[in-house]
Structures are given as structure tokens and as C-alpha cells.
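Some notes on the structure that comes next.
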Amino acid sequence: MTREPTAATASGTAAAAAGSDAVYGAPCWVSLMTRDLRAAHDFYGAVMGWEFRPARLGEEFSVALSGGRAVAGVGALASAFHVAVAWTPYFAVRDADVTAGRIRERSGTVAVGPVAFVMGRGALAADRDGAVFGIWEGELPRGWEGWRSAAPAWVRLHTRDAFEAAIFYGEVLDWACGQPGCCDVEYEGDEVVLRSGGRAVARLSSGALEEAPDPAIRPRWQVHFPVSDVEKRVTAALQHGGTVITHDPGVQATLRDPDGGLFTLTDADTAERDGSGGGTDLADMDAATMEPPD
């Protein structure tokens with residue numbers, strides 16, 4: 001829950017902001033749950049060129065910025081919550097309690113929450129195969145539409161069976177439920193594609209091994225950051241204590257930060273051409289193209 005949403009209220013401030021119920025079922029933020037905020041700032045500042053500002057959620061939280069635009073959240077609560085260090089996608093929901101109940105009813109796990117914050121309520125959960133994800137009920141930050149359009153991060157579920165996972169998430173998050181505003185699910189070859197408002201917002205692919213010793217092969221939600229210079233970022237990661245897990249030179253690299261968080265760098269041009277969900281390297285964007293989040 002390393003983002004800055006709040007529960008929607010009748011106040012003028014909340015009325016001006018989008019709420020999670022407007023985009024329910026779709027990814028609405030990504031965040032890193034880590035143990036050492038300063039160390040995370042040092043590593044990702046060097047590798048990604050990000051700057052950081054405090055988040056209103058408290059001193060344990062910050063927001064990563066690229067070119068002055070919000071990219072992701074960082075929170076140093078992995079030890080307090082007794083959860084693994086990980087990059088995690090959060091999905092917008094209309095009712096966090098109802099969604100948490102659905103997760104448990106379908107043999108998933110709710111590890112933390114729902115927890116109340118100033119701007120809303122969130123929870124950390126895992127699906128039946130152990131892939132960790134978050135849910136968020138409440139206000140989305142001002143400028144969130146710009147974040148979604150620029151797609152400075154996108155997500156893919158690498159799971160045992162993508163079609164079975166789509167059923168689980170569909171029932172939990174109201175995908176393809178037939179109600180106005182719900183996410184659509186499409187099948188492209190052996191992948192499942194999630195669309196919100198016609199835009200591809202997540203992909204699900206099969207082939208993960210639950211008992212694999214390598215965490216990169218086990219079921220997990222992968223957080224991808226599109227960049228214009230994959231090799232430069234890989235070199236910086238190695239220089240600052242990171243580890244290369246997989247590497248397709250110039251195209252994509254999965255890295256582990258010094259605290260254990262896995263993330264993937266994807267060449268922005270390649271991802272856009274092959275339709276894999278690529279977005280924009282915000283460092284290359286004109287600052288006027290996005291409204292700053294609050």
C-alpha cells in the first residue's frame with residue numbers, strides 16, 4: 001500500500017479525484033515493499049534515475065518520480081508486515097472487504113489487511129498459486145489518468161495456468177462480469193489479455209513452476225518498466241549491488257535489487273512494436289504531457 005490514495009468522500013477534494021470504483025478490476029498502481037527506504041532510494045535512483053518525495057501515508061513511504069512524474073510507490077514495511085520484499089501491482093476494487101472475502105473463499109490468502117489509510121483501504125494477498133498482488137479501495141491520485149496513459153509500469157502474471165488464473169481473478173476482481181465499466185478479458189494464443197477501456201493493462205501467461213528453487217520461475221506478478229536504454233540500466237544495477245536474473249541484451253532484463261525485489265526492464269520501442277504492454281520511459285517525456293499527481 002505504498003501509494004497515496006484516500007477513501008472517496010463527499011468533500012470537494014475527493015469529488016475532483018477519480019475513485020477505484022471507476023476503474024474496478026484494473027491495475028491502478030505498483031509499489032515496492034522493502035525493508036530499507038534509504039537503500040531503495042539509493043539503488044533505484046542510480047539505476048532508474050528516479051527522484052523521491054515523501055508520501056502522505058507516513059515516513060515509511062515515498063513516491064518515485066521520473067521527470068517529475070509519479071512512477072511507483074516505495075514502502076519500508078516488509079519487516080513490520082512480515083512479507084517478502086517484492087514489487088507488487090495493486091488492483092482497484094469497489095469494496096476491499098468483499099474482495100478479501102472472495103480471495104479467501106477461492107483458496108487465496110490475504111496476508112495483510114484490509115488496512116485503513118487516509119485516502120482509502122488496501123490489502124496484500126496471494127492467489128492460489130502464491131502470486132502476490134494488492135487491492136485498493138479509495139481515491140486515486142490526481143493525474144492518475146496521465147499515469148495510466150503513459151504506462152510507466154505494466155504488469156504480467158507468470159503463472160501455472162493462465163486460463164485457470166483468469167477464472168480466479170475474474171471472480172475476485174469482477175473481470176468480464178457484464179457490468180458497466182468492468183475489465184474485458186481476451187485470449188490471444190496461450191495468453192490472457194486484460195483490457196480496461198479498450199487498453200491492454202495486464203497479461204497472464206502460463207509456464208510457472210510452483211516448487212521451482214528460482215523465484216523468477218515461480219508464479220508471480222512481474223512488474224515491467226519500459227526504458228530507452230536497457231543495457232545502461234543493467235550496468236548501473238550491477239555497479240550498485242543488483243543481480244541479473246535473465247537478460248536479452250538490448251531488449252529485456254529481469255533484475256534483483258540488493259534487498260531481493262525482482263523487477264524487469266523492457267525496451268520501450270520493442271514492447272510497443274510487439275504489443276506486449278510497453279509504455280513510456282517518463283525520462284523521455286515532455287513534462288507538460290502529464291498532470292502531476294498530488
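The values are calculated or read from the model by the stated rules, or taken from the named source; none is laboratory data. None of these values were measured; they are calculated from a predicted model. When we count neighbours, we look across all protein chains shown, and the Cβ atoms used for this are built from the backbone with ideal geometry, even at glycine. Accessible surface areas use protein heavy atoms only, side chains included; no ligands, DNA or RNA. Shrake-Rupley method; radii C 1.70, N 1.55, O 1.52, S 1.80 Å.
Selection of region 49-61 for residues being crowded, with 16+ Cβ neighbours inside 10 Å, touching a residue at least 40 places away in the same chain (Cβ under 8 Å) and under 21 Å from residue 90 (Cα atoms) yields 55, 57, 61.
Return yes or no: is residue 100 outside any strand (DSSP E or B) and open to solvent by less than 10 Å² (accessible area, probe 1.4 Å)? Yes; evaluated as a whole, the condition is true for this residue.
Among residues of region 171-200 being open to solvent by 20 Å² or more (accessible area, probe 1.4 Å) and closer than 28 Å to residue 257 by Cβ, the one that is nearest to the chain's Cα centre (by Cα) is 200. Among the residues of region 222-240, which ones are touching an Asp or Glu at 6+ places or on another chain (Cβ under 9 Å) and either without any contact (Cβ under 8 Å) to a residue 40 or more places away in the chain or surrounded by 15 or more Cβ atoms within 10 Å (Cβ to Cβ) (or both)? Of everything in region 222-240, those that are touching an Asp or Glu at 6+ places or on another chain (Cβ under 9 Å) and either without any contact (Cβ under 8 Å) to a residue 40 or more places away in the chain or surrounded by 15 or more Cβ atoms within 10 Å (Cβ to Cβ) (or both) turn out to be 225, 226, 227, 229, 230, 237, 240. Region 162-233 holds strands (runs of 3 or more DSSP E) entirely within its bounds, and those carrying 1 or more residues that are closer than 16 Å to residue 131 by Cα, among the basic types (Lys, Arg) and in contact with a strand residue (DSSP E or B) (Cβ under 7 Å, 6 or more places away or on another chain) map to 199-205, 220-227. Can you pull out every residue in region 103-118 that is open to solvent by 60 Å² or more (accessible area, probe 1.4 Å), more than 22 Å from residue 139 (Cβ to Cβ) and not charged (D, E, K, R)? Correct list: 107, 109, 111. Of the candidates 122, 189, 108, the single residue that is touching a residue at least 24 places away in the same chain (Cβ under 8 Å), closer than 21 Å to residue 206 by Cβ and not polar (S, T, N, Q) is 108.
Take the residues in region 19-41 that are of a type outside the set (Val, Ile, Thr), in contact with a Cys (Cβ under 9 Å, 6 or more places away or on another chain) and within 14 Å of residue 138 (Cβ to Cβ); name whichever of them is surrounded by the most Cβ atoms within 10 Å (Cβ to Cβ). Only one residue fits best here, namely 20. When region 71-89 is filtered for residues that are in contact with a helix residue (DSSP H, G or I) (Cβ under 8 Å, 6 or more places away or on another chain) and under 21 Å from residue 229 (Cβ atoms), only 71 remains.
Quick check, is residue 135 open to solvent by less than 10 Å² (accessible area, probe 1.4 Å), over 20 Å from residue 152 (Cβ atoms) and in a strand (DSSP E or B)? So residue 135 passes the test.
Yes/no matrix, rows are residues, columns are (1) among the charged types (D, E, K, R); (2) at pLDDT 95 or above; (3) closer than 24 Å to residue 92 by Cα:
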{"residue": "194", "(1), (2), (3)": "no, yes, yes"}
{"residue": "199", "(1), (2), (3)": "yes, no, yes"}
{"residue": "211", "(1), (2), (3)": "yes, no, no"}
{"residue": "222", "(1), (2), (3)": "no, yes, yes"}
